[in-house]
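For reference, the structure is listed below as structure tokens.
The values are calculated or read from the model by the stated rules, or taken from the named source; none is laboratory data. Bear in mind the structure is a predicted one, so any value in this text is a computation, not a measurement. When we count neighbours, we look across all protein chains shown, and the Cβ atoms used for this are built from the backbone with ideal geometry, even at glycine. Heads up: the accessible areas ignore ligands, DNA and RNA and are worked out on the full protein's heavy atoms, side chains in. Shrake-Rupley method; radii C 1.70, N 1.55, O 1.52, S 1.80 Å.
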Amino acid sequence: MPAPRAELRGSESVRSAAAADEPTSGLGADADPDLGPDADPDLGPDADPDLGPGADRDSESSPDPGLPPGPGPGPEPGPEPGPELDSATAFRHLPPRTGVAALSPRYQVGAALALAVVAVAVCVHVGMVFLHVAPSNTVTKAHGEAIDDWIYPEFEQNWKLFAPNPLQQNIAVQVRAQIRGGDGGSRTTGWYDLSAQDGRNIDGNLVPSHTQQNELRRAWDFFTATHDGSARPVGLRGALAETYLRRIVVMRLERGAVGEGGVVERVQVRSRTTNVPPPKWSTDKVSTSPVYRVLSWWSVPDGATGGGTR
């Protein structure tokens, strides 16, 4: 067994001598013969053969091979991504449209036009009322007739409530009629107190209508303001006031006073005025006896209750 070991040592020494005699490929004449063929010529003889050619040679910055590797630096924190919504999900989260915005474009145009018309009408009405109650000026002198046509009789303004001496009377409007029956005969009714009917309709009614409160009263005030004590018209509005009052009383009669098949031929209107008695602590003395103002008979033309003003 010792002989083969000797042969191996001898062969290894022979091969080492032969390798030493051969020149190293790629190395200069100054190459260190102690370095192997694969060593980096830029590294010194004390270089760690476990490091590659691009390894850091600074021993102070190299980690200790005996310590376990620590955690490396993590990625730099960036902005947290928010929830991404696609277009369909975003559309479902939009609040529903309400009001005019919920309408189609065609109906939106129609609604805008309607609002514009209403706004113009309101502005015109407010302007007409302002010019009617305002003192005489250049505009009312030039367009007084148009203003009166707009105001009378439905929108006439009455400022007696704010007068220093407001009304202290109760005025009731009464009417009677001459009716032609279905058999050709004629009869005259008794006096109907139309103001008392309005009062009964208002009593206990939380929201009485404008017609129940003001229609008859304003019609009588309009008549007395445009007629003298003998019921003769004063000015151009006298005929309009008479037609307006006659139409109201005829319509009231046809609602209840006229029988089946009857026709109103003539009407007669009167007012019953009584003074409001003073309070008990007052020393004023007023008469409480009623005062009547009776108008002449008015013929009722055909179609007078159909809204005409003949």
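Residue by residue through region 113-135, note down the ones that are more than 21 Å from Glu154 (Cβ to Cβ), open to solvent by less than 90 Å² (accessible area, probe 1.4 Å) and not in a helix (DSSP H, G or I).
none
Given the structure, is Ala102 at negative phi, modelled with pLDDT of 90 or more, of a type outside the set (Val, Ile, Thr) and loosely packed, with under 14 Cβ neighbours inside 10 Å? Walk me through it before giving the result.
Numbers: at negative phi: yes; modelled with pLDDT of 90 or more: no; of a type outside the set (Val, Ile, Thr): yes; loosely packed, with under 14 Cβ neighbours inside 10 Å: yes.
So Ala102 does not fit the description; no.
For the list (1) modelled with pLDDT of 90 or more; (2) buried (at least 17 other Cβ atoms within 10 Å of the Cβ); (3) within 22 Å of Trp297 (Cβ to Cβ); (4) of a type outside the set (Val, Ile, Thr), I need the number of the one condition that Leu253 fails.
So the condition that Leu253 fails would be (1).
Quick one: is Gly262 modelled with pLDDT under 90 and open to solvent by less than 30 Å² (accessible area, probe 1.4 Å)? So that I can check it myself, show each step before the final result.
Working: modelled with pLDDT under 90: yes; open to solvent by less than 30 Å² (accessible area, probe 1.4 Å): yes.
In short, yes.
Considering only residues that are modelled with pLDDT under 90 and in contact with a Gly (Cβ under 8 Å, 6 or more places away or on another chain), look in region 168-209 and name the one that is surrounded by the most Cβ atoms within 10 Å (Cβ to Cβ).
Selected residue: Ile179.
Can you name every residue in region 210-250 that is hydrophobic (A, V, I, L, M, F, W, C), surrounded by 15 or more Cβ atoms within 10 Å (Cβ to Cβ) and outside any helix (DSSP H, G or I)?
Once the filter is applied, which keeps residues that are hydrophobic (A, V, I, L, M, F, W, C), surrounded by 15 or more Cβ atoms within 10 Å (Cβ to Cβ) and outside any helix (DSSP H, G or I), region 210-250 yields only Ala231.
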